[in-house]
């Protein structure tokens with residue numbers, strides 16, 4: 001089942017034309033991932049990064065922009081897990097405004113130890129909450 005969350009397009013997200021400046025979408029995508037970790041995997045980014053010395057950097061991201069989003073709109077983001085590996089996680093995030101698809105992003109995260117910069121297997125406390133949506 002996809003994780004859904006809503007974001008309002010704010011002035012800070014827009015270029016002078018009043019549409020979302022594409023790098024801001026990546027900030028929105030990251031905030032969706034961060035909320036998913038906290039709400040679904042029960043590991044917020046403070047716990048992961050500061051307390052545990054681990055992280056989940058994005059190592060790959062491919063995004064298609066289907067239509068512009070404008071100041072004041074509310075976007076619904078749907079995050080679904082496509083695959084989970086030993087230390088990697090493939091996610092798909094789709095943003096909608098109403099029924100209109102605005103972007104599709106496929107990204108790969110890797111669980112890693114921050115001090116060494118090396119990947120490591122997902123711990124059981126996180127892995128038990130990851131559900132692949134396309135099974």
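Helix 22-39 versus the longest principal axis of the chain: what is the Cα-based angle in degrees, 0 to 90, to the nearest 10? Relative to the chain, helix 22-39 is tipped by roughly 50 degrees. In percent, rounded to a whole number, the relative contact order of the chain is 28, using alpha-carbon pairs under 8 Å and six or more apart. D by Stokes-Einstein for segment 3-127, Kirkwood Rh over Cα pairs, 20 °C, 1.002 mPa s: 140 µm²/s.
In this structure, residue 97 and residue 129 have a Cβ-Cβ separation that, at R0 = 30 Å, corresponds to a calculated FRET efficiency of about 0.55. Distance between the 7 Å Cα→Cβ label points at residue 5 and residue 27: 1.5 nm.
Since every read-out is calculated from the coordinates, none of them should be taken as a lab result. Fair warning: this is a prediction, and the values are worked out from it, not measured in the lab. Counting neighbours? That spans all protein chains shown, and the Cβs are built from the backbone with ideal geometry, glycine included.
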